[in-house]
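*Asks:* Quick one: structure below, then a few questions.
The values are calculated or read from the model by the stated rules, or taken from the named source; none is laboratory data. Source: prediction; values computed, not measured. Cβ sites come from the backbone with ideal geometry, for glycine too, and all protein chains shown count toward neighbours. In case anyone asks, the SASA skips ligands and DNA or RNA and just uses the protein heavy atoms, side chains included. Shrake-Rupley method; radii C 1.70, N 1.55, O 1.52, S 1.80 Å.
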Amino acid sequence: MATGRRTTRLCLSGGEFRKNARVPLPYSQQLSQADALFGEGGYSTRTADASQIYVLRAPPKPEDFGAVTAWHLDARNPAALSIAARMELRPKDIVFIQEQRITTWGRALDQFLPSMVNAGLGAANG
């Protein structure tokens, strides 16, 4: 039974975006990689590695599982952004931004130091 409703077409944004999200693709327009990077708050210039931005696209046939196509963008070069403006996103694409190495270390310390402090307090009280 047809309900007349359209299925929502989505792509995903992940990694160091300010907000990881499901991004609706407009039916009558195109959404570019640049739209995904700079829309809805964009990505965190503090934590993101602008040289490690990817669009990941799975094959349309499920039996081709594992044959993912990845496009790499180095946004440190402003000229590369013109390519991002022309890169059309498709349903189920994933736009991913890697974190900076220092961000990785900072997050590891954020998880490690509280346990060390608690262990030290436990030993001192103990």
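*Asks:* May I ask you to list the residues in region 10-20 that are open to solvent by 30 Å² or more (accessible area, probe 1.4 Å) and either without any contact (Cβ under 8 Å) to a residue 24 or more places away in the chain or touching a Lys or Arg at 6+ places or on another chain (Cβ under 8 Å) (or both)?
*Replies:* LEU10, LEU12, LYS19, ASN20
*Asks:* All but one of (1) at pLDDT 90 or above; (2) over 14 Å from LEU37 (Cα atoms) hold for GLN98; state the number of the condition that does not hold.
*Replies:* (2)
*Asks:* In addition: What are the residues in region 77-102 that are among the charged types (D, E, K, R) and open to solvent by less than 60 Å² (accessible area, probe 1.4 Å), if any?
*Replies:* ASP93, GLU99
*Asks:* Which condition number in (1) at pLDDT below 90; (2) within 30 Å of ARG9 (Cα to Cα); (3) surrounded by 11 or more Cβ atoms within 10 Å (Cβ to Cβ) is the one that ASP74 fails?
*Replies:* (1)
*Asks:* Those residues that are touching a residue at least 40 places away in the same chain (Cβ under 8 Å), of a type outside the set (Ser, Thr, Tyr) and in contact with a Ser or Thr (Cβ under 7 Å, 6 or more places away or on another chain), I need them from region 75-113; list them, please.
*Replies:* ALA84, ALA85, ARG86, MET87, GLU88, LEU89, VAL95, GLU99, GLN100
*Asks:* Sticking with this one: Among the residues that make up region 113-124, is at least one of them at pLDDT below 90, more than 14 Å from GLY14 (Cα to Cα), among the polar types (S, T, N, Q) and open to solvent by 80 Å² or more (accessible area, probe 1.4 Å)?
*Replies:* Yes.
*Asks:* For residues in region 73-100 being touching a helix residue (DSSP H, G or I) at 6+ places or on another chain (Cβ under 9 Å) and of a type in the set (Gly, Ala, Ser), which is farthest from ASN20 (Cα to Cα)?
*Replies:* So the residue we want is SER82.
*Asks:* Further question on the same structure: Which condition number does ASP35 fail, the rest of (1) farther than 30 Å from ALA108 by Cα; (2) among the charged types (D, E, K, R); (3) at pLDDT below 85 being met?
*Replies:* (3)
*Asks:* If we keep just the residues of region 21-40 that are open to solvent by less than 100 Å² (accessible area, probe 1.4 Å) and in contact with a Phe, Trp or Tyr (Cβ under 9 Å, 6 or more places away or on another chain), which is nearest to GLN98 (Cα to Cα)? Let's see the steps before the verdict.
*Replies:* Narrowing region 21-40 to residues open to solvent by less than 100 Å² (accessible area, probe 1.4 Å): 21, 23-26, 31-37, 39.
Then keep just the ones that are in contact with a Phe, Trp or Tyr (Cβ under 9 Å, 6 or more places away or on another chain); that gives 33, 36-37.
Working: GLN33: 15, ALA36: 15, LEU37: 13 Å.
Top of the filtered list is LEU37.
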